[in-house]
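First the structure, in the form of structure tokens, and then the observations on it.
Read-outs: derived from the displayed coordinates by stated rules, not from any lab. If you're wondering where the values come from, they're calculated on a predicted model, not measured in any experiment. Cβ sites come from the backbone with ideal geometry, for glycine too, and all protein chains shown count toward neighbours.
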Amino acid sequence: MIAVRPWSFPASVMPLVTMMYLFWVWKDISWGYGVWALADMILFHCAANTWSDWFDFRKKVDAEDTFGAKTITSGMFTADEIRNLSVSLLAVAVAGGVALMFMTGLPLLWIGLGGLACALFYPPLKYAAAGDIVIFTAFSMLPSIGTSYAVLGFIDWSVLWVAVPVGLITVAILHINNLRDIMTDDRAGIHTLAMRLGGRQSILLYAFEVILPFFWVFSCALGKIFPWWTLVVFLAAFPALQNVRTAIRYRKEGMPAIVSLDEKTAKLQILFSLSFCLAFLVAGLLR
């Protein structure tokens, strides 16, 4: 449990949000397949976390003085143990995905292969400033489309309306993590998006990623794409603004100001996504 970093699991919430949205839209959905997709998403996330840790250690991105995961650098686990755990988790996740594909249909295979590629190639792509795009694809677009197919038997492309706000907050978790690690990443010779943008622009991007979701939901409710119940997500607006204020402190205080902001952003994701889910559930029951 320590090695897979369970505090990051809110980033895997997309299948749950998608299920609740589709319940509001269609009522009749396959809940069992949806829960299966959610569980498999979490397994893939665990495999990706440990694979990234092993890859970072192997490429000397993680060292004793770096923040974030210290499962290998602290001596808690060996690099081989983390690699073997990652491969084992990935095997179970792939088996679960293949089984779900046989119960639903072949299109799920291509979606699953896309997710597998994101998990395996995320570390080198992160080193080339493409990690944010990979995370948005793997934790937002693909799981929303895949869950739609699993619970309906076809893809309802309207799920992308809910994928965007949830996905932006997920990317914000990664982005603020990379901003915190600019100095050690530079020492390792890699180039994340935060490094390319610099501190000031990275703070602006983080603010955009955690504030836009609220305007997105409001606009969708105004346009009758979402029910008005979804405005309950504004319960998360205050912690979102607090997170932005913390990020702004980075300009004066540097890395210590944002050392735990990735975890706070994950907590924001929990509040936003669960209130989003509750809104669709209530709207669906009252429909």
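When 106, 168, 142 are sorted by how many other C-beta atoms sit within 10 angstrom of their C-beta, beginning with the fewest, the order is 106, 168, 142. Gain on full extension, evaluated as 0.36 nm per residue between residue 251 and residue 133 minus their Cα-Cα distance, stands at 40.0 nm. Contact order for the stretch 114-205, expressed relative to its length and based on alpha carbon pairs under 8 Å spaced 6+ residues apart, stands at 32 percent. Every pair of different Cα atoms in the stretch 163-287 enters the Kirkwood calculation, which places the hydrodynamic radius at 15.2 Å.
Cα extents for the stretch 102-229 along the principal axes, largest to smallest and rounded to whole angstrom: 48, 38, 14. Taking 0.36 nm per residue of sequence separation and removing the Cα-Cα distance, the residue 187/residue 110 pair yields an extension gain of 24.0 nm. Among 253, 81, sorting on how many other beta-carbon atoms sit within 10 Å of each Cβ, with the fewest leading, yields 253, 81. In a simple Cβ point-charge model (Lys, Arg +1; Asp, Glu -1; nothing else charged), the stretch 237-287 has a dipole of about 160 debye relative to its Cα centre.
In terms of surrounding Cβ atoms within a 10 Å radius of their Cβ, 175, 191, 45 rank from fewest to most as 191, 45, 175.
Compared with the direct C-alpha span, the chain from residue 200 to residue 1 gains 68.1 nm at full extension, assuming 0.36 nm per residue. Our helix-only sum for the chain, with -39,500 (n - 2.57) per DSSP H run of n ≥ 4 divided by its residues, gives a mean residue ellipticity at 222 nm of -24000 deg cm²/dmol.
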